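In what follows, a structure is listed as structure tokens, so that the remarks can point back to it.
Each reported figure results from applying straightforward, stated rules to the coordinates on display, with no laboratory input. Values in this document were obtained by computation on a predicted structure and should not be read as measured data. Positions of Cβ are generated from backbone atoms using ideal geometry, with glycine treated the same way; all protein chains shown enter the neighbour counts.
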């Protein structure tokens with residue numbers, strides 16, 4: 001299977017979320033138009049941010065609005081990055097809420113967890129021992 005994977009988060013405020021992810025990822029969006037912002041992620045995947053208000057126009061009224069779908073968390077983004085600790089720190093500085101600090105996990109990664117402004121779980125991780133964090 002060839003191609004690029006896109007992960008799209010439905011957000012309450014596209015501008016706020018675009019600023020947040022630009023700060024966290026340390027990069028400008030590769031696309032930023034009304035209705036969609038996109039960031040290139042390590043490994044070539046794309047993170048998209050679509051305002052909740054655009055979902056019904058795109059997919060119809062049968063799809064429940066995310067804000068009415070029963071709460072958070074709604075999704076997790078798990079990013080394996082050499083600069084995981086720095087990204088986690090930038091997320092906190094940009095307004096994320098820390099769920100768990102950078103620490104060794106039972107599956108072998110060293111990871112930190114936070115919540116973005118829309119309640120999506122962000123995990124920043126590296127392979128290997130805790131001293132690598």
message = Can you give me the C-alpha center-to-center distance between segment 12-42 and segment 80-98, rounded to a whole angstrom?
response = 15 Å
remark   = With label points set 7 Å from each Cα along the Cα-to-Cβ direction at residue 105 and residue 54, the distance between them in nm comes to 2.9 nm
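More than 17 Å apart: what percent of Cα pairs in segment 6-132 qualify?
On the way: 4622 of 8001 pairs.
Everything past 17 Å amounts to 58 percent.
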query = Using 0.36 nm per residue, how much length does the chain from residue 6 to residue 127 gain when fully extended, once their Cα-Cα distance is taken away?
reply = 41.2 nm
